[in-house]
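Shown next, in structure tokens, is the structure this report addresses.
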Amino acid sequence: MTTSITSVELNYLIFRYLQESGFTHSAFALGYEAGINKSPIDGNMVPPGALITFVQKGLQFLEMEANLSNSDTDLDEDFSFLQPLDLITKDVHQLRQIIKEKRRILQKNKDKNKENDKEQEGERIRVRDKERHEREKEREKDRERTEKDKQHEEHNERDMLTDQEDRLNAKQEGNGVSAIKHEGPDPMDISTNLTSQTCQIPSSDVIILEGHTSEVCACAWSPTGSLLASGSGDSTARIWNLSDKSSGSGMQNGLPNVLVLKHVKGRTNEKSKDVTTLDWNGEGTLLATGSYDGQARIWNTNGELRSTLSKHKGPIFSLKWNRKGDYLLTGSCDKTAIVWDVKSEECPTLDVDWRNNVSFATSSTDTMIHVFKIGEFHPIKTFAGHQGEVNCVKWDPTGSLLASCSDDISAKIWSMKHDKYVHDLRQHSKEIYTIRWSPTGPGTNNPNQQLMLASASFDSTVKLWDVEHGKLLSSLNGHREPVYSVAFSPSGEYLASGSLDRSMHVWSLKEGKIVKTYTGNGGIFEVSWNKEGDKIAACFANNTVCVLDFRM
């Protein structure tokens with residue numbers, strides 16, 4: 001038997017190679033097609049550059065085969081001692097030592113087997129005797145347990161009487177009557193793992209929204225109500241109505257009403273119709289969706305298609321309304337961004353985050369960041385400084401600072417007053433996928449709290465930054481796989497993070513620890529808070545959206 005590598009292992013090595021080389025979209029496509037999120041492989045065990053190393057080790061392996069002694073006739077047997085991880089992490093000398101040691105152990109085991117054959121009969125006799133002895137001991141324990149149960153029942157009766165007396169005394173004390181203090185055992189023991197139990201969000205506080213037939217890539221709450229939109233690889237977006245059916249009752253067990261927004265007639269699994277991104281306008285009356293077919297679509301809350309915007313020549317991966325709701329910004333793999341005048345359905349100029357109602361920033365694979373103004377075809381500002389693809393740009397709440405993150409493992413803060421970045425934030429060890437500003441500081445509903453920036457990375461961490469001084473405030477280490485999404489609560493007190501490790505964590509920023517967590521059955525692509533801050537939506541790679549009740 002020779003060493004072999006499975007297709008699952010090979011796909012994972014290629015996926016990691018694409019990820020580490022900065023081919024983010026190619027890695028995403030392969031990860032989706034090959035089901036990487038369902039792979040049993042522990043990513044922490046695979047070192048960086050594994051695919052290149054594996055190929056190099058293959059060449060060394062052939063060299064080793066050619067140089068083995070002619071007396072080594074059991075060549076296939078020798079090679080069966082080696083695993084793919086050995087070939088990646090060991091040199092030729094170490095591989096030979098592994099074979100030598102495992103052959104010695106194999107021979108030793110063969111010798112032991114001969115001795116064991118002689119001892120098996122005696123061992124079977126000893127086992128039978130031991131089993132008989134164990135049965136006798138178990139019968140004795142049953143008798144002891146029966147006696148203890150009787151004593152426990154008597155003890156509980158005493159506790160109940162004591163508890164009743166305590167309540168009576170407390171009531172008397174509240175009425176001005178002195179209570180008598182009783183000595184005795186506490187009414188209940190405190191569990192040592194109580195903290196971990198309270199952290200886990202119970203299933204009773206979770207609504208799982210089922211209906212999509214492919215992975216759910218995006219979700220967003222309506223800013224004015226209890227509508228949640230989700231977009232999926234099944235060529236549909238859905239609008240879920242999650243309004244409480246009775247006040248103060250929290251989340252309901254019944255499934256919400258849902259509208260299905262079909263992006264293709266007939267079959268609903270055409271790859272070109274994947275819904276990749278979506279966004280509500282400021283009034284919550286219109287939903288814009290972007291698709292792999294390069295079209296943006298605008299829907300009303302009744303699920304009716306209002307307009308289709310067809311100018312892009314490649315998949316749309318991002319789109320955003322301006323605050324006023326009269327312009328829609330779309331960004332595509334065709335290397336263009338377009339601002340749509342929704343009323344006239346024209347595209348007055350190119351561009352993907354709005355600074356205000358008339359200006360916006362764009363980022364691209366060319367490492368550049370441009371700031372445009374409606375009506376002007378040339379950038380009013382260009383920022384250069386990143387050395388890799390710029391994955392995300394976000395303006396702070398006042399529109400004075402622009403944050404960006406890149407495959408070059410850095411995040412940067414820019415100001416319109418300067419040509420060079422104001423701060424260069426470097427603490428992550430892998431690509432930074434997304435960033436978010438906290439809803440705190442000047443220009444927000446929480447003006448007395450510090451303004452922060454959160455960054456999420458493929459190194460499995462989320463980091464919080466002091467943007468005034470460009471310093472790291474804290475590193476949130478709780479995920480085991482790349483973190484794809486982060487979102488601050490409206491109060492700015494909590495941060496939700498979603499990862500490919502299938503977990504969503506809610507962090508208390510004041511305490512710097514996880515206060516709630518939920519683990520689903522697929523990687524998480526996006527998390528989103530509702531405007532009240534008491535519900536969190538998370539979309540999963542297993543075709544579901546989960547709505548989590550969050551009330552501390």
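The values are calculated or read from the model by the stated rules, or taken from the named source; none is laboratory data. Please read these numbers as outputs of a predicted model, since none were measured by experiment. Every residue, glycine as well, gets a Cβ built from its backbone with ideal geometry; the counts of neighbours run over all protein chains shown. What goes into the accessible areas is simple: the full protein's heavy atoms, side chains included, and nothing from ligands, DNA or RNA. Shrake-Rupley method; radii C 1.70, N 1.55, O 1.52, S 1.80 Å.
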Counting pairwise Cα distances across region 486-529, what percent come out greater than 17 angstrom?
26
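Would region 368-447 count as rounded, prolate or oblate if I go by the C-alpha gyration tensor, calling it rounded below 1.5 in a/c and otherwise prolate when a/b exceeds b/c, oblate otherwise?
On the way: a/c = 1.88, a/b = 1.05, b/c = 1.78.
It comes out oblate by the Cα gyration axes.
List, in the order given, every pair from Lys273/Lys516; Lys38/Lys102; Lys430/Lys513; Lys57/Lys110; Lys324/Lys510; Lys510/Lys531 whose Cα-Cα distance in the structure shown is over 26 Å. Can you show the working numbers first?
Numbers: Lys273/Lys516 35 Å; Lys38/Lys102 32 Å; Lys430/Lys513 22 Å; Lys57/Lys110 31 Å; Lys324/Lys510 34 Å; Lys510/Lys531 21 Å.
In this structure, Lys273/Lys516; Lys38/Lys102; Lys57/Lys110; Lys324/Lys510 lie more than 26 Å apart at Cα.
Can you sort Cys199, Cys539 by 1.4 Å-probe accessible area, starting with the largest? Numbers along the way, then the final one.
Values: Cys199 25, Cys539 0 Å².
The residues order as Cys199, Cys539, largest area first.
Multiplying the sequence separation of Ala29 and Arg96 by 0.36 nm and subtracting their Cα-Cα distance, what value in nm do you get?
Numbers: separation 67, 0.36 × 67 = 24.12 nm, distance 3.89 nm.
Additional length available on full extension: 20.2 nm.
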FRET E, pair Arg104, Ser429, Förster distance 30 Å, beta-carbon r, rounded to 0.05:
0.15
Using Cα pairs closer than 8 Å and at least 6 residues apart in sequence, work out the relative contact order for region 399-552, in percent.
13
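To the nearest 20 Debye, how big is the dipole of region 501-552 about its Cα centre, given +1 on the beta carbon of each Lys and Arg and -1 on that of each Asp and Glu? Numbers along the way, then the final one.
On the way: 7 positive and 6 negative charges, 24 e Å.
Dipole magnitude for region 501-552 comes out near 120 debye.
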Amide H contacts under 5 Å for Met452, placed H, 5+ residues apart:
Ser438, Thr440
Mean Cβ count within 10 Å, highest first, over the residues of peptides 438-447, 40-49:
438-447, 40-49
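Once R0 is set to 60 Å, what does the formula 1/(1 + (r/R0)^6) return for the Cβ-Cβ distance between His418 and Ser4, expressed as a FRET efficiency to the nearest 0.05?
0.60
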